[in-house]
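Reading through the structure tokens given below for one structure.
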Amino acid sequence: MDSTRIMREEKIPKLLVSYSLPVFLSYLCNSIYNIISRAFIGNGRAGYEGIAALSVAHPITLVTLAFAFLLGMGGSTLAAIRVGQGDKTGANRAMNMSLQLLLIVGILITTIGLLFLDPLLRLFGASDNVLPYAREYARIVVGGCTLQIVSVGMTNYMRVEGKTRLAMLAVIIGPIVNIIFSTLFIVVFDMGLTGAALATVMAQFSCTAVIVVHYIRSKEFFHFDRTILDPDPKLAAEITYLGLSAFALQICQGLVSILLNQVARTYGGDLAVSGMGVVTTLQTFVLTITTAVNMGSQSLIAYNFGAKCYSRIRELIRTAMIASVVIVLIEYIILKIFTVPIAAIFCKDNAEVIQFSSHAMVIYLLMSPLVPIQVQGSGFFQAIKKPLTAMLLSLSRQAIILAPLLLVLPRFMGIEGMFYAGPIADLLSVVITLPMLMRYLRRLRGLDDGMEMN
């Protein structure tokens, strides 16, 4: 069977698992790596200031990922729709255009990041004590960000063409390399933050190598060709337009990460920055399934939208939401039961960091089981070529609600206000998303498969 036909004919639960599992394993391995590296750093000579340095440098990674999603998910969404319409040549052109844009943006981020590294780290919340550690780590990560943007952006196309096993290899090999070399560089050679950064870049190189070799050797409709060098402003604009939602979400995460560092530093000093670094690391781990299912389902929704299989779109949304909510709820319950032992992983000899982190995570992540509804709703609108609606929903949780709460609540509640801003934003964003999603799904329910939408 043609691999792309599976998206229209395979049973939805099995299809969703096969497309989400590679992404989930990748994000899970990355989350485990983040936990391990922060534990190594926090229990090493840098201590809690080392964890604070990783938190300060984290917005650089989020900005890089934002552009990877903008061009990778935007291009792959367009490619999936074209495949559903039977235009495989046009789909491949979108893929080659995406790579051209990813390379250009990666080089620009590296250049700007290295030129203005210290001012950026100050902006991101680095104190005088934390800055040397943050600089040590960030200068290496920024130098390798082109590898990251290409690997993250191009993996989306493997899912579109049904190469789920290859996609799984591409996304898993990086975190595995990361964990191995982090252990070697940090524990064995005692290279600290430099070792953590070098391991990260080596992981990104290994993932990029798998992707590049595949598309150079590929004989199928997705492959690198001469069009990779041809400028096409109209196509570039269409790819960018379709990726706006994912871009906005990641940029907002970057901005909120910066704001979180600044608020934590203002009301609790470097210890609070370190503690919230622990909390946000665990938040990423808990929401891994949400991100994976959303990214895995977007290609499927886009393909079935192009093929006018509306009943399958409704089933995809329903299955994705229920599975994600249930899994995140179970994760939060486990986190709440074992709060102190989990916090102690990161800085076992610092009782203050453990106490701060264990208290903060229970409150800040309270409404995390509802987050899949908001994320999946935004992803649905992006997949059906409504990126402005998707972007509005993406912005609702981070920029429209959470950021103002982080600025206002601590003025009245102190550091506790920062903790409660998280669950309030999660709840209100779902209140905004759910009615919009349900209204559009009711429109699809009134259409038979194969009908044109008005």
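The values are calculated or read from the model by the stated rules, or taken from the named source; none is laboratory data. Values in this document were obtained by computation on a predicted structure and should not be read as measured data. Cβ coordinates were reconstructed from backbone atoms using ideal geometry, including for glycine residues, and neighbour counts include every protein chain displayed. For accessibility, only protein heavy atoms count, side chains too; no ligands or nucleic acids. Shrake-Rupley method; radii C 1.70, N 1.55, O 1.52, S 1.80 Å.
Condition (residue is of a type in the set (Phe, Trp, Tyr), open to solvent by 40 Å² or more (accessible area, probe 1.4 Å) and farther than 29 Å from Gly125 by Cα) applied to the range 260-274: is it met by at least one residue?
Checked against the condition, which is being of a type in the set (Phe, Trp, Tyr), open to solvent by 40 Å² or more (accessible area, probe 1.4 Å) and farther than 29 Å from Gly125 by Cα, the range 260-274 yields no hits at all.
Of the conditions (1) touching a residue at least 60 places away in the same chain (Cβ under 8 Å); (2) closer than 25 Å to Arg93 by Cα, Glu220 clears all except one; give me its number.
Of the numbered conditions (1) touching a residue at least 60 places away in the same chain (Cβ under 8 Å); (2) closer than 25 Å to Arg93 by Cα, the odd one out for Glu220 is (1).
Among the residues of the range 241-279, which ones are β-branched (Val, Ile, Thr) and out of contact with any helix residue (DSSP H, G or I) (no Cβ under 7 Å at 6 or more places or on another chain)?
The one that is β-branched (Val, Ile, Thr) and out of contact with any helix residue (DSSP H, G or I) (no Cβ under 7 Å at 6 or more places or on another chain): Thr266.
Aliphatic (A, V, I, L, M), modelled with pLDDT under 85 and either open to solvent by 10 Å² or more (accessible area, probe 1.4 Å) or within 22 Å of Leu229 (Cβ to Cβ) (or both): which single residue out of Ala91, Ala126 fits that description?
From the options Ala91, Ala126, the qualifying one is Ala91.
Quick check on the range 17-33: of everything there that is more than 14 Å from the chain's Cα centre (by Cα) and aromatic (Phe, Trp, Tyr), which residue is surrounded by the fewest Cβ atoms within 10 Å (Cβ to Cβ)?
Tyr33
Quick test of your reading of the structure: Val328 fulfils all but one of (1) touching a helix residue (DSSP H, G or I) at 6+ places or on another chain (Cβ under 7 Å); (2) without any contact (Cβ under 8 Å) to a residue 24 or more places away in the chain. Name the failing condition by number.
(2)
Listed here are the residues, each with its yes/no results for (1) open to solvent by 10 Å² or more (accessible area, probe 1.4 Å); (2) under 12 Å from Gln204 (Cβ atoms); (3) of a type outside the set (Val, Ile, Thr); (4) under 18 Å from the mean Cα position of the chain (by Cα).
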| site | (1), (2), (3), (4) |
| --- | --- |
| Gln148 | yes, yes, yes, yes |
| Val152 | yes, yes, no, yes |
| Asn156 | no, no, yes, yes |
| Ala167 | no, no, yes, yes |
| Ile172 | yes, no, no, yes |
| Ile179 | yes, no, no, no |
| Thr183 | yes, no, no, no |
| Ile186 | yes, no, no, no |
| Phe189 | yes, no, yes, no |
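Can you name every residue in the range 168-200 that is free of Cβ contacts under 8 Å to residues at least 12 places away in the same chain and closer than 17 Å to Ala53 by Cα?
Correct list: Met191 only.
Which condition number in (1) open to solvent by less than 40 Å² (accessible area, probe 1.4 Å); (2) in contact with a helix residue (DSSP H, G or I) (Cβ under 6 Å, 6 or more places away or on another chain) is the one that Thr291 fails?
(1)
Can you pull out the residues in the range 305-314 that are more than 11 Å from Leu444 (Cα to Cα) and assigned to a helix (DSSP H, G or I)?
Result: Gly306, single match.
Check the range 384-394 and report whether any residue there is closer than 24 Å to Val286 by Cβ, of a type outside the set (S, T, N, Q) and touching a helix residue (DSSP H, G or I) at 6+ places or on another chain (Cβ under 9 Å).
Within the range 384-394, one or more residues are closer than 24 Å to Val286 by Cβ, of a type outside the set (S, T, N, Q) and touching a helix residue (DSSP H, G or I) at 6+ places or on another chain (Cβ under 9 Å).
Spot the failing condition for Val187; the list is (1) at pLDDT below 85; (2) under 20 Å from Phe224 (Cα atoms), and only one is missed.
(2)
Which ranges mark the helices (runs of 4 or more DSSP H) fully within the range 350-454 that have 2 or more residues being surrounded by fewer than 22 Cβ atoms within 10 Å (Cβ to Cβ)?
351-364, 387-395, 403-413, 415-445
What about Arg135, is it more than 20 Å from the chain's Cα centre (by Cα), open to solvent by 40 Å² or more (accessible area, probe 1.4 Å), of a type in the set (Lys, Arg) and within 30 Å of Ala383 (Cβ to Cβ)?
Considered against the rule, which asks whether it is more than 20 Å from the chain's Cα centre (by Cα), open to solvent by 40 Å² or more (accessible area, probe 1.4 Å), of a type in the set (Lys, Arg) and within 30 Å of Ala383 (Cβ to Cβ), Arg135 comes out as no.
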